[in-house]
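Student: Structure incoming, see below.
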Amino acid sequence: MTKQWNTLQVTGSYKKTLDDMVEWFKRNFENLPNQGKLNVEAARHPVRFIMHEPYSTYCLKKYSSSEYDLDGDERGGQYYAVMVDGDTPVPVSLFQWDPYGNTKQMIEFRGDDIQGSIKLILGDHETDPISLATKDLTEEYLVEKLEALPNIGAGNVIVSIWPGHWLIEFVGRLSGKVPEKLEIDLPEEALFDCWSYYTYWRDSRIDDEVMFPYPLIGEFDSDDSTVNDAVAAGSIGFATMVPGVGLVVFPAQCRDYNGDGTPNL
């Protein structure tokens, strides 16, 4: 025989089970976790990121030939560790996978001495020189240069700038269209390379931090004055959420360095 319990038709034993569950919750409510403080990000899927700055857990140096340990043994040529960043979070920007969104192109740089200026070419039109000096190169500045092209125009591009990377997304009246691939006009004296390519990864406009779960060992340059970091600014990688820790990196891109320890972006 069943009885109506609210709007459900249930057996008496099932109703008792439900009532007992409600009573248990009332008795134990004060001991339950605060739902507002639970780590709801623990189930986040892996995310793609780009590094804002270089990183090393520590670097290695050698003792000089004149140093000795407590027993009087020579330590010359032996290594010792010097902390650089340690196990600290690293600031990054997160990407979003967007294969059906607007057309996006990445401009990527590589070289020992990235300075001077370049021009970007779209179809039959070329930008004015774009300064690569840090003080000049802002997102607003790059947008202004691109919007001056007659085949782009105002309000039709969004850009993101990271070390060694410019991401350009075509929006507005260019939304849903596939503009030609941008070409790069490098000055003859340039000591760096630069190229463009299409990408499905868009800037999520979310900044976060990642942790490296393994020691990354940098090294001092030949003058022992500058650290060649293990991971360069502008490196791209993937991270996954680990409860109680945060976003933890599992693979990351390697990027070269030149002789004085600065990134070969």
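Student: Report the residue count in the range 183-210 for those that are among the aromatic types (Phe, Trp, Tyr) and either outside the structural domain of Ser93 (by TED's automatic domain parsing) or loosely packed, with under 13 Cβ neighbours inside 10 Å (or both).
Tutor: 2
Student: With in a loop (DSSP other than H, G, I, E, B), in contact (Cβ under 8 Å) with a residue 24 or more places away in the chain and not hydroxyl-bearing (Ser, Thr, Tyr) as the only criterion, which of Ile152, Ile161 stands out?
Tutor: Ile152
Student: Here are some residues: Lys16, Lys104, Lys61. Which one is outside the structural domain of Phe238 (by TED's automatic domain parsing), surrounded by 12 or more Cβ atoms within 10 Å (Cβ to Cβ), among the basic types (Lys, Arg) and modelled with pLDDT of 75 or more?
Tutor: Lys61
Student: Please verify whether the range 158-169 includes one or more residues that are within 23 Å of the chain's Cα centre (by Cα), among the hydroxyl-bearing types (Ser, Thr, Tyr) and either at pLDDT 95 or above or outside the structural domain of Gly246 (by TED's automatic domain parsing) (or both).
Tutor: There is at least one residue in the range 158-169 that is within 23 Å of the chain's Cα centre (by Cα), among the hydroxyl-bearing types (Ser, Thr, Tyr) and either at pLDDT 95 or above or outside the structural domain of Gly246 (by TED's automatic domain parsing) (or both).
Student: Another question, then. Residues Leu132, Leu120, Leu94: which one is among the hydrophobic types (A, V, I, L, M, F, W, C), touching a strand residue (DSSP E or B) at 6+ places or on another chain (Cβ under 8 Å) and more than 22 Å from Trp201 (Cα to Cα)?
Tutor: On inspection, the qualifying residue turns out to be Leu132.
Student: Still on this structure: Which count do you get for residues in the range 159-182 that are over 30 Å from Asp87 (Cβ atoms) and surrounded by 14 or more Cβ atoms within 10 Å (Cβ to Cβ)?
Tutor: Number of matching residues: 10.
Student: Hey, another quick one. Restricting the search to the range 105-117, which residues are within 25 Å of the chain's Cα centre (by Cα) and assigned to a strand (DSSP E or B)?
Tutor: Gln105, Met106, Ile107, Glu108, Phe109, Arg110, Gly111, Asp112, Asp113 - these are the residues of the range 105-117 that are within 25 Å of the chain's Cα centre (by Cα) and assigned to a strand (DSSP E or B).
Student: Does the range 159-207 hold any residues that are β-branched (Val, Ile, Thr) and in contact with a Gly (Cβ under 9 Å, 6 or more places away or on another chain), and which are they?
Tutor: Val171
Student: Among the residues of the range 118-128, what is the count of those that are surrounded by fewer than 18 Cβ atoms within 10 Å (Cβ to Cβ) and either hydroxyl-bearing (Ser, Thr, Tyr) or not in a strand (DSSP E or B) (or both)?
Tutor: Summing the residues that are surrounded by fewer than 18 Cβ atoms within 10 Å (Cβ to Cβ) and either hydroxyl-bearing (Ser, Thr, Tyr) or not in a strand (DSSP E or B) (or both) in the range 118-128 gives 3.
Student: Does the range 129-147 hold any residues that are assigned to a loop (DSSP other than H, G, I, E, B) and charged (D, E, K, R), and which are they?
Tutor: Residues satisfying the conditions are Lys135, Asp136.
The values are calculated or read from the model by the stated rules, or taken from the named source; none is laboratory data. All values derive from a computational prediction rather than experimental measurement. Neighbour counts are summed over all protein chains in view; Cβ atoms, including those assigned to glycine, are modelled from backbone coordinates with ideal geometry.
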